[in-house]
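This report concerns only the one structure given below.
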Amino acid sequence: MYSKGKFRIGKTTRALVLVCGMLAICTSSSWATTIKVDGWSGRNVWVHLEDSSGEVLKDGKVLAAEFDLSIDGYDTIGYCVELDQSLKKGTYDYTLTTADMDPFKKAAWVMLNYAPGLGNIGASAKTNEEKIQSAAVQLAVWELVFDVDQSVTDTQGLFFATSKTDQSILQLAQSYVDAVNRNNVDFSGILVNRVALNDAKQDLLVVVSTPVPPSVWLLGSGFLAFTGMRLRKRKNPIINGQRRRAENSNL
């Protein structure tokens, strides 16, 4: 509304701004959640990982796979971040946090663009081609998280896959790493969150439908419902007419 030539924000508008602000704040924060591991699909690979001092942290066979998950009842997928933690079927407590910083941002982009499970979430059966693709995505994630040379097979890096690994997996993984390192990559559409703060279990990169705690959405929907009723009442000519007649009868 306008008053004396100046724009005035009404109460309804202020309420909407408040709700949007609360949701914006909560989307960038961390929150606790429950993740259920239903299964996985992939291939065994042979990798080597060492720290900056040269100490070997992992050398041998590991499972590179895509995990079938459910987060608070929502079916989704995930990939491992670590190499020194296990993960079995079951339900676990996690804390979700955004993956908007390197190297997780790049790993998230690879996952969103190449993970086969995104097109068939909840399906337990995977084709051989999809298993190879899942293993390649996992190798690319590990390379992006652990190494700086961005080469899946370079033995001079901190992390690399050895020649025992299927060549088709190695080639796919390297193509994913090369793709994300191009200068024209757009990260604005990333909706992947990193699951962290579970010291006893594997950290994961997961796709979430809406990265906002359910309690916040419930609070926000209550505010929006209230403001919607206010707007409807204000625009209803019958209600407005009754209000004016009541005001005139009191004069």
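Across region 166-186, what is the total count of residues that are within 22 Å of the chain's Cα centre (by Cα) and over 10 Å from Ala140 (Cβ atoms)? Qualifying residue count for the region: 5. Take the residues of region 176-188 that are closer than 20 Å to Thr98 by Cα and of a type outside the set (A, V, I, L, M, F, W, C): which is modelled with the highest pLDDT? Taking the candidates together, the pick is Asp186.
Within region 43-100, restricting attention to residues that are among the small types (Gly, Ala, Ser) and not in a strand (DSSP E or B), the residue that is farthest from Gln133 (Cα to Cα) is Ser53.
Is it fair to say Ala140 is small (Gly, Ala, Ser), within 18 Å of Asp59 (Cα to Cα) and either surrounded by fewer than 24 Cβ atoms within 10 Å (Cβ to Cβ) or modelled with pLDDT of 90 or more (or both)? When the stated conditions are applied, Ala140 passes them. Any residue in region 57-67 that is more than 24 Å from the chain's Cα centre (by Cα), modelled with pLDDT of 50 or more and among the aromatic types (Phe, Trp, Tyr)? Within region 57-67 (the criterion being more than 24 Å from the chain's Cα centre (by Cα), modelled with pLDDT of 50 or more and among the aromatic types (Phe, Trp, Tyr)), the answer is no, since none of the residues qualifies. Which of the residues spanning region 143-171 are within 15 Å of Val62 (Cβ to Cβ) and touching a residue at least 40 places away in the same chain (Cβ under 8 Å)? If the condition is that a residue be within 15 Å of Val62 (Cβ to Cβ) and touching a residue at least 40 places away in the same chain (Cβ under 8 Å), then Val145, Phe146, Phe159, Phe160, Ala161, Thr162, Lys164, Thr165, Asp166, Ile169 are the ones that fit. Only residues that are β-branched (Val, Ile, Thr), within 15 Å of Val148 (Cα to Cα) and either in contact with a Cys (Cβ under 8 Å, 6 or more places away or on another chain) or assigned to a loop (DSSP other than H, G, I, E, B) (or both) were counted across region 172-187, and they come to 0. Please enumerate the residues belonging to region 76-108 that are under 13 Å from the mean Cα position of the chain (by Cα), at pLDDT 90 or above and more than 12 Å from Leu204 (Cβ to Cβ). Across region 76-108, the qualifying residue is only Lys106. Checked against (1) crowded, with 16+ Cβ neighbours inside 10 Å; (2) in contact with a strand residue (DSSP E or B) (Cβ under 9 Å, 6 or more places away or on another chain); (3) at pLDDT below 90, Ala123 passes all but condition (1). With respect to Gln150, is the statement that it is at pLDDT 95 or above and surrounded by fewer than 18 Cβ atoms within 10 Å (Cβ to Cβ) true? Considered against the rule, which asks whether it is at pLDDT 95 or above and surrounded by fewer than 18 Cβ atoms within 10 Å (Cβ to Cβ), Gln150 comes out as no.
Candidates Ser70, Ser41, Ser134: the one that is more than 28 Å from Gln171 (Cβ to Cβ) and out of contact with any Leu (no Cβ under 8 Å at 6 or more places or on another chain) is Ser70. Within the set Leu205, Leu191, the sole residue that is modelled with pLDDT of 55 or more, closer than 22 Å to His48 by Cα, under 19 Å from the mean Cα position of the chain (by Cα) and of a type in the set (A, V, I, L, M) turns out to be Leu205.
The values are calculated or read from the model by the stated rules, or taken from the named source; none is laboratory data. Keep in mind that this is a model prediction, so the values were computed, not measured. With ideal geometry, Cβ positions are generated from the backbone for all residues, glycine too; neighbour counts draw on all protein chains shown.
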